[in-house]
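A quick write-up on the structure given underneath.
The values are calculated or read from the model by the stated rules, or taken from the named source; none is laboratory data. The structure displayed is predicted, hence computed values, not measured ones. All Cβ positions, even for glycine, are placed from backbone atoms using ideal geometry, and neighbour counts span all protein chains on display.
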Amino acid sequence: MLAFTLRRAVQAIGVMFAVGIIAFSMFRFAGDPVNQIVSIDTSAAEREAVRKSLGLDDPVPVQFVRYFADAAQFKFGVSYQFRQPVSALLSERMPATLELAICATVFAMVFGILMGVYSALKRDTALAKLFQAVSLIGISLPTFLIGILLIYLFAVTLGWLPSFGRGEVVKLGWWTTGLLTLSGLKALIMPSITLGLFQMTLIMRLVRAEMLEVLRTDYIRFARARGLTTRAIHFGHALKNTLIPVITVAGLQFGSVIAFSIITETVFQWPGMGLLFVQAVQNVDIPIMAAYLLMVSLIFVTINLVVDILYTVVDPRLRATVGRAA
Amino acid sequence: MSDAVVSNSNGQSTQPAHARGWLSRALDSDVFYSFRRSKLTMVAATITVLFFLLAIFASVLAVQNPFDPAQLQLMNSRISPLWTADGQSPFLLGTDEQGRDVFSAILYGMRISLAVGVAGVIFAGALGIALGLIAGYFGGAVDGVIMRIADVQLTFPAILIALLVNGIAKSILGNRLDATSMLFVLVISIGLSFWVGYARTVRGSVMVEKNKDYVAAAQLIGLPAPKIMLRHVLPNTMGPILVIATINLALAIITEATLSFLGVGLPDTMPSLGTLIRIGNNYLFAGEWWIVAFPGLALAALILSINLLGDWLRDALNPKLR
């Protein structure tokens, strides 16, 4: 168990190291950092001075270690376009992205599980078929089209919901939240649906498949024989057993939700990290791109590691096979 | 996508004289039988083929060339579709801010979306197949390195990788790229985001195939490794590759459209469907819904049809489900 955890942790550190090399190479070699800072008519001597002050004349390994040490303290350099420290920009925008991602995940879990259970229990009803059709569309339609469709329906035509921004936000220390004001909550609805729709269809299909499989098992038949109510069988016994894979998938997908929020944030002009990243790609603002890559990788690797370890805690069979494979 | 199946298998038959016999065999096959049995698949195939034809013959079918500023007249700007009260012939689906016919723009946009999608799939396929063959055939450390990279990349969503590759390419080549070099940047971004699926599948099949007698025989008569891999092992792994390629075509088109929508893909001077949607999105609040609605509808229909074809192909080529 300990050996497995350690091996996974070493792997995770290896991945972060590789991502760090990519981020550093972007930072150092893709475009000359000096050119981005000085103006066109700066003399060669002054350029050299800037180069020296940034430490760009040191050997590359030294620079790499320095970049890593800085990154570990969340110092990612200065943004070319905003002339502000990247870490300040990121931490200012992180609450918006995390709030959106959490709301989208909650939306996806609640509706995905409800629809999945319904379409497993009442397989041949019209509503269940409608859910299947919706899930096919949810997987096929690009995120930004869904966002535009929602904006046209609820903002342009009906005028019920705001089409962009976060609404009013409340400051709680360094964290800003839109959950405490009416306009903030209204602004969250459409972006959360847009972002969560793909995860919702994924969870719905998973719950449906798992439910159908569990309902065929012997212990469900035995529960029926014991004369338990249908309700108790379906929700007390069957649903409970489908939830482990659902929670795993939802957890693993959380990283993707944060990455996909890039698109949703652009559609709704949501002031989060994703929008910052897209603007950075548009303007070739390498420090922001490198920092975003590192941050998102850290989130991904951490989630994967935690899920892997939790899996072995929850499921002893897995521990045995992993031990044997090693 | 059905014609891709045809042309692909056709390429494998060595002599043109056999083509006719091959065709009647194809019409007689299980795959074609399951194709005729599924109405939804036939509709999807029809729509896909129709879209490909529309894209190929865009310059014949369009009422104007939307790339040519000389053919655009501001007088014709913001006309609503033909069937509405303010509609004007010949602008079937209306015009945009610059007097560009939406229908023509969709045809040309579709051509670019499909071209980038197909090129991206080919690039990703070539890269993935090559790396998968090498990893599976040689095994050992080479295999370890390639598959480790694949594992790491698989944990990140393709769109993130495409965005990063795009940003890096732009910073190396300079931010002001012309539209044609942007096409190449997009194809490379898409290719580098989607090679993993091919590599894993090919590696898996190769590891099964390479222990069979025919590979041992080929090695025994002294054929070089690249020849064994390409001529003998690869053809036996084509089925799953075809399925991945079809599903990836939809994903590649979505990725290109998303990048263009985000403003890091094709510029306004060479619009793909994604660019058209980004432009049209700006006029949504002014009530000019047709500028964004029809490109969006075209994109959705295209992706849905290709996905349905991919689903069918996966089931049809899977002997376990037959």
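Being in a helix (DSSP H, G or I) and loosely packed, with under 12 Cβ neighbours inside 10 Å is the filter here, so list the residues in the range B:203-215 that pass it.
Matches in the range B:203-215: B:Asp213 only.
Select from the range B:280-291 the residues that are surrounded by fewer than 19 Cβ atoms within 10 Å (Cβ to Cβ) and more than 10 Å from every other protein chain (Cβ to nearest Cβ) and list them in ascending order.
Result: B:Asn282, B:Tyr283.
If I ask for residues that are surrounded by 24 or more Cβ atoms within 10 Å (Cβ to Cβ) and either out of contact with any Leu (no Cβ under 8 Å at 6 or more places or on another chain) or within 12 Å of B:Ile253 (Cα to Cα) (or both), which ones from the range B:292-311 would you list?
Result: B:Leu299, B:Leu302, B:Ile303, B:Ser305, B:Ile306, B:Leu309.
Free of Cβ contacts under 8 Å to residues at least 60 places away in the same chain and more than 14 Å from chain B (Cβ to nearest Cβ): does that describe A:Ala155?
No: the conditions fail for A:Ala155.
Scan (1) within 14 Å of chain B (Cβ to nearest Cβ); (2) over 22 Å from A:Val110 (Cβ atoms) for the single condition A:Ile146 breaks and write down its number.
Evaluating A:Ile146 over (1) within 14 Å of chain B (Cβ to nearest Cβ); (2) over 22 Å from A:Val110 (Cβ atoms) leaves (2) as the failure.
B:Ile168 versus (1) β-branched (Val, Ile, Thr); (2) in contact with a Gly (Cβ under 7 Å, 6 or more places away or on another chain); (3) within 11 Å of chain A (Cβ to nearest Cβ): which is the lone unmet condition?
Against the list (1) β-branched (Val, Ile, Thr); (2) in contact with a Gly (Cβ under 7 Å, 6 or more places away or on another chain); (3) within 11 Å of chain A (Cβ to nearest Cβ), B:Ile168 comes up short only on (2).
Consider A:Phe260 carefully, then state whether it is assigned to a helix (DSSP H, G or I), within 9 Å of chain B (Cβ to nearest Cβ) and without any contact (Cβ under 8 Å) to a residue 40 or more places away in the chain.
Considered against the rule, which asks whether it is assigned to a helix (DSSP H, G or I), within 9 Å of chain B (Cβ to nearest Cβ) and without any contact (Cβ under 8 Å) to a residue 40 or more places away in the chain, A:Phe260 comes out as no.
Confirm whether A:Val207 is under 23 Å from the mean Cα position of the chain (by Cα), among the aliphatic types (A, V, I, L, M) and assigned to a helix (DSSP H, G or I).
On the way: under 23 Å from the mean Cα position of the chain (by Cα): yes; among the aliphatic types (A, V, I, L, M): yes; assigned to a helix (DSSP H, G or I): yes.
Yes: the conditions hold for A:Val207.
Quick check: is even one residue across the range A:77-91 more than 14 Å from chain B (Cβ to nearest Cβ) and at pLDDT below 75?
Checked the range A:77-91: no residue is more than 14 Å from chain B (Cβ to nearest Cβ) and at pLDDT below 75.
For every residue, the table says whether it meets (1) polar (S, T, N, Q); (2) without any contact (Cβ under 8 Å) to a residue 60 or more places away in the chain; (3) away from chain A (no Cβ under 12 Å).
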position	(1), (2), (3)
B:Met238	no, no, yes
B:Ile253	no, no, no
B:Asp268	no, yes, yes
B:Leu273	no, no, no
B:Arg278	no, yes, no
B:Pro295	no, no, no
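Any residue in the range A:229-238 that is assigned to a loop (DSSP other than H, G, I, E, B) and either more than 14 Å from chain B (Cβ to nearest Cβ) or surrounded by 15 or more Cβ atoms within 10 Å (Cβ to Cβ) (or both)?
Narrowing the range A:229-238 to residues assigned to a loop (DSSP other than H, G, I, E, B): A:229.
Those still in the list that are either more than 14 Å from chain B (Cβ to nearest Cβ) or surrounded by 15 or more Cβ atoms within 10 Å (Cβ to Cβ) (or both) too: A:229.
Checked against the condition, which is being assigned to a loop (DSSP other than H, G, I, E, B) and either more than 14 Å from chain B (Cβ to nearest Cβ) or surrounded by 15 or more Cβ atoms within 10 Å (Cβ to Cβ) (or both), the range A:229-238 yields at least one hit.
For the range A:279-293, indicate whether the set of residues that are within 27 Å of A:Met190 (Cα to Cα) and either away from chain B (no Cβ under 11 Å) or touching a Pro at 6+ places or on another chain (Cβ under 6 Å) (or both) is non-empty.
no
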